[in-house]
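All remarks here apply to the structure that follows.
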Amino acid sequence: MDPFTHIKSVLAIVLGLSLAHLLQASLNLLLHPGKKKPYWVHMLWVFYIFLLILHFWWWEYNLTGIRSWTFLEYIFVTLYIINYYAIAYVIFPNNISEYEDSYELYFYSRKKWFYSFLGFSFLLDVIDTLIKGRQYFSHSGSEYDARILVSIIMCLLGIRIKNRKFQAALVIFFIAYEIVYIARTAAPLVKQ
(Lines give C-alpha, C1' and ligand atoms only; values in the text may rest on other atoms or scores of the structure.)
Protein backbone atom coordinates (compact mmCIF):
# COMPACT_ATOMS: atom_id res chain seq x y z
CA MET A 1 0.00 0.00 0.00
CA ASP A 2 1.40 3.39 -0.95
CA PRO A 3 1.50 6.12 1.73
CA PHE A 4 -1.26 8.20 0.17
CA THR A 5 -3.72 5.27 0.09
CA HIS A 6 -3.20 4.91 3.82
CA ILE A 7 -3.52 8.65 4.45
CA LYS A 8 -6.56 9.17 2.23
CA SER A 9 -8.53 6.79 4.43
CA VAL A 10 -8.66 9.46 7.14
CA LEU A 11 -9.39 12.13 4.52
CA ALA A 12 -12.31 10.10 3.21
CA ILE A 13 -13.74 9.42 6.67
CA VAL A 14 -13.68 13.01 7.95
CA LEU A 15 -14.74 14.62 4.67
CA GLY A 16 -17.46 11.99 4.28
CA LEU A 17 -18.73 12.85 7.76
CA SER A 18 -18.73 16.54 6.82
CA LEU A 19 -20.78 15.93 3.68
CA ALA A 20 -23.10 13.52 5.50
CA HIS A 21 -23.71 16.10 8.21
CA LEU A 22 -24.69 18.76 5.65
CA LEU A 23 -26.90 16.33 3.73
CA GLN A 24 -28.61 14.99 6.85
CA ALA A 25 -29.34 18.45 8.23
CA SER A 26 -30.63 19.66 4.84
CA LEU A 27 -32.90 16.65 4.45
CA ASN A 28 -34.19 17.05 8.01
CA LEU A 29 -35.10 20.64 7.18
CA LEU A 30 -36.84 19.50 3.99
CA LEU A 31 -38.70 16.60 5.60
CA HIS A 32 -39.74 18.53 8.72
CA PRO A 33 -40.41 22.04 7.37
CA GLY A 34 -42.46 23.19 10.36
CA LYS A 35 -39.83 22.42 12.99
CA LYS A 36 -37.19 24.97 12.02
CA LYS A 37 -37.36 28.19 10.05
CA PRO A 38 -35.01 28.08 7.06
CA TYR A 39 -33.17 31.16 5.86
CA TRP A 40 -32.11 31.45 2.25
CA VAL A 41 -28.73 33.07 2.97
CA HIS A 42 -27.92 30.29 5.42
CA MET A 43 -28.97 27.64 2.90
CA LEU A 44 -26.76 29.21 0.23
CA TRP A 45 -23.84 29.01 2.66
CA VAL A 46 -24.69 25.34 3.24
CA PHE A 47 -24.59 24.80 -0.53
CA TYR A 48 -21.28 26.67 -0.79
CA ILE A 49 -19.68 24.61 1.98
CA PHE A 50 -20.91 21.40 0.34
CA LEU A 51 -19.39 22.54 -2.96
CA LEU A 52 -16.17 23.68 -1.25
CA ILE A 53 -15.71 20.31 0.46
CA LEU A 54 -16.30 18.43 -2.80
CA HIS A 55 -13.83 20.69 -4.57
CA PHE A 56 -11.27 20.24 -1.80
CA TRP A 57 -11.66 16.47 -1.97
CA TRP A 58 -11.13 16.61 -5.74
CA TRP A 59 -7.91 18.61 -5.40
CA GLU A 60 -6.52 16.41 -2.67
CA TYR A 61 -5.89 13.82 -5.37
CA ASN A 62 -2.77 15.89 -6.04
CA LEU A 63 -1.39 14.53 -2.79
CA THR A 64 -0.69 11.31 -4.71
CA GLY A 65 2.40 13.06 -6.07
CA ILE A 66 3.96 13.10 -2.61
CA ARG A 67 6.06 9.95 -2.35
CA SER A 68 7.29 10.45 1.19
CA TRP A 69 5.09 11.58 4.06
CA THR A 70 6.10 12.85 7.48
CA PHE A 71 3.90 12.49 10.52
CA LEU A 72 3.75 16.30 10.76
CA GLU A 73 2.32 16.53 7.21
CA TYR A 74 -0.18 13.80 8.05
CA ILE A 75 -1.27 15.64 11.21
CA PHE A 76 -1.56 18.90 9.28
CA VAL A 77 -3.77 17.41 6.55
CA THR A 78 -5.90 15.73 9.22
CA LEU A 79 -6.34 19.02 11.11
CA TYR A 80 -7.12 20.78 7.84
CA ILE A 81 -10.00 18.42 7.07
CA ILE A 82 -11.20 18.60 10.68
CA ASN A 83 -11.57 22.34 10.06
CA TYR A 84 -13.96 21.48 7.20
CA TYR A 85 -16.00 19.34 9.57
CA ALA A 86 -16.09 22.25 12.03
CA ILE A 87 -17.33 24.57 9.26
CA ALA A 88 -20.06 22.07 8.35
CA TYR A 89 -21.14 21.78 11.97
CA VAL A 90 -21.03 25.52 12.67
CA ILE A 91 -23.15 26.32 9.61
CA PHE A 92 -25.62 23.52 10.40
CA PRO A 93 -25.63 22.58 14.11
CA ASN A 94 -27.85 19.83 15.49
CA ASN A 95 -29.84 22.13 17.74
CA ILE A 96 -30.87 25.76 17.28
CA SER A 97 -33.73 25.85 19.79
CA GLU A 98 -32.07 28.68 21.72
CA TYR A 99 -32.43 30.77 18.51
CA GLU A 100 -36.20 30.22 18.29
CA ASP A 101 -35.49 27.45 15.76
CA SER A 102 -34.64 30.15 13.23
CA TYR A 103 -31.59 29.70 11.01
CA GLU A 104 -31.64 33.42 10.35
CA LEU A 105 -31.23 34.24 14.05
CA TYR A 106 -28.70 31.46 14.43
CA PHE A 107 -26.60 32.53 11.44
CA TYR A 108 -26.27 36.15 12.50
CA SER A 109 -25.49 35.23 16.10
CA ARG A 110 -22.76 32.76 15.05
CA LYS A 111 -21.44 34.33 11.84
CA LYS A 112 -18.16 35.28 13.54
CA TRP A 113 -17.43 31.61 14.20
CA PHE A 114 -18.49 30.59 10.72
CA TYR A 115 -16.37 33.20 8.94
CA SER A 116 -13.44 32.53 11.27
CA PHE A 117 -13.38 28.82 10.42
CA LEU A 118 -13.94 29.57 6.72
CA GLY A 119 -11.17 32.17 6.60
CA PHE A 120 -8.87 29.81 8.47
CA SER A 121 -9.51 27.15 5.81
CA PHE A 122 -8.06 29.50 3.18
CA LEU A 123 -4.92 29.98 5.28
CA LEU A 124 -4.63 26.23 5.69
CA ASP A 125 -5.00 25.83 1.93
CA VAL A 126 -1.77 27.75 1.40
CA ILE A 127 0.13 25.30 3.62
CA ASP A 128 -1.61 22.35 1.96
CA THR A 129 -0.56 23.66 -1.45
CA LEU A 130 3.03 24.04 -0.24
CA ILE A 131 3.01 20.43 1.01
CA LYS A 132 2.28 19.35 -2.56
CA GLY A 133 5.62 20.88 -3.52
CA ARG A 134 7.17 24.20 -4.50
CA GLN A 135 6.60 23.45 -8.19
CA TYR A 136 2.91 22.76 -7.55
CA PHE A 137 2.64 25.94 -5.48
CA SER A 138 4.31 28.11 -8.14
CA HIS A 139 2.17 26.45 -10.82
CA SER A 140 -0.95 27.60 -8.93
CA GLY A 141 -0.38 31.09 -10.29
CA SER A 142 -1.33 34.60 -9.30
CA GLU A 143 -5.05 33.87 -9.40
CA TYR A 144 -4.57 31.39 -6.58
CA ASP A 145 -2.80 34.03 -4.50
CA ALA A 146 -5.52 36.59 -5.24
CA ARG A 147 -8.28 34.05 -4.52
CA ILE A 148 -6.84 33.24 -1.10
CA LEU A 149 -6.25 36.89 -0.19
CA VAL A 150 -9.68 38.08 -1.38
CA SER A 151 -11.44 35.17 0.34
CA ILE A 152 -9.75 35.93 3.67
CA ILE A 153 -10.57 39.64 3.35
CA MET A 154 -14.20 38.80 2.51
CA CYS A 155 -14.42 36.54 5.56
CA LEU A 156 -13.09 39.36 7.75
CA LEU A 157 -15.67 41.71 6.23
CA GLY A 158 -18.35 39.07 6.82
CA ILE A 159 -17.44 39.06 10.50
CA ARG A 160 -17.57 42.86 10.78
CA ILE A 161 -20.48 43.86 8.53
CA LYS A 162 -23.97 43.20 9.88
CA ASN A 163 -25.87 44.45 6.83
CA ARG A 164 -28.06 41.61 5.55
CA LYS A 165 -27.81 42.73 1.93
CA PHE A 166 -24.04 42.56 2.19
CA GLN A 167 -24.28 39.09 3.75
CA ALA A 168 -26.52 37.94 0.87
CA ALA A 169 -24.19 39.45 -1.74
CA LEU A 170 -21.20 37.81 -0.03
CA VAL A 171 -22.56 34.28 -0.26
CA ILE A 172 -23.61 34.83 -3.88
CA PHE A 173 -20.11 36.09 -4.67
CA PHE A 174 -18.47 33.05 -3.02
CA ILE A 175 -20.74 30.58 -4.86
CA ALA A 176 -20.40 32.27 -8.25
CA TYR A 177 -16.64 32.49 -8.00
CA GLU A 178 -16.27 28.89 -6.80
CA ILE A 179 -18.35 27.58 -9.70
CA VAL A 180 -16.34 29.59 -12.24
CA TYR A 181 -13.06 28.58 -10.57
CA ILE A 182 -14.01 24.89 -10.64
CA ALA A 183 -15.09 25.10 -14.28
CA ARG A 184 -11.76 26.65 -15.27
CA THR A 185 -9.30 24.77 -13.09
CA ALA A 186 -10.59 21.33 -12.11
CA ALA A 187 -8.61 19.16 -14.49
CA PRO A 188 -9.67 15.56 -14.99
CA LEU A 189 -8.12 13.01 -12.68
CA VAL A 190 -5.65 10.82 -14.52
CA LYS A 191 -4.43 7.47 -13.25
CA GLN A 192 -0.69 7.67 -12.82
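The values are calculated or read from the model by the stated rules, or taken from the named source; none is laboratory data. All values derive from a computational prediction rather than experimental measurement. Note: ideal-geometry Cβ built from the backbone for every residue, glycine included; neighbour counts use all protein chains shown. Accessible surface areas use protein heavy atoms only, side chains included; no ligands, DNA or RNA. Shrake-Rupley method; radii C 1.70, N 1.55, O 1.52, S 1.80 Å.
The ratio of the alpha-carbon radius of gyration of the range 7-69 to the globular-protein estimate 2.2 N^0.38 Å is 1.44. Take the Kirkwood radius over Cα pairs of the range 1-106, plug it into Stokes-Einstein at 10 °C and 1.306 mPa s, and you get 105 µm²/s for translational diffusion. Note on the range 107-181: Cα-only Rg and Dmax are 13.7, 42 Å. For the range 70-79, backbone phi angles converted through the Karplus equation (6.51, -1.76, 1.60; θ = phi - 60°) give residue-by-residue couplings of 9, 4, 4, 5, 4, 4, 4, 4, 5, 5 Hz, Gly and Pro being listed as x.
For Ser102, nonlocal amide neighbours, meaning residues 5 or more places apart or on other chains whose placed amide H falls under 5 Å from its own, are Lys37. Sorting 84-92, 159-167, 49-57 by their mean Cβ neighbour count within 10 Å, with the most densely packed peptide first, gives 84-92, 49-57, 159-167.
With 23 Å as the limit, the listed pairs Lys8/Lys111; Lys36/Lys111; Lys8/Lys132; Lys112/Lys132 have Lys8/Lys111; Lys112/Lys132 beyond it between alpha carbons. For the range 54-110, the pair-distance distribution built from all alpha carbon pairs, in bins 5 Å wide starting at 0, is 4, 14, 19, 17, 11, 10, 9, 8, 6, 2, 0 percent. About its Cα centre, the chain has a charge dipole of approximately 340 debye under the convention of +1 per Lys or Arg Cβ and -1 per Asp or Glu Cβ, with nothing else charged. Rounded to the nearest 500, the helix-only mean residue ellipticity at 222 nm of the chain stands at -26500 deg cm²/dmol, with each DSSP H run of n ≥ 4 adding -39,500 (n - 2.57).
Measuring nothing but protein heavy atoms, the accessible surface of the range 73-192 at 1.4 Å probe radius is 64 percent carbon and sulfur. Remark on the chain: Rg and Dmax equal 17.4, 52 Å (Cα only).
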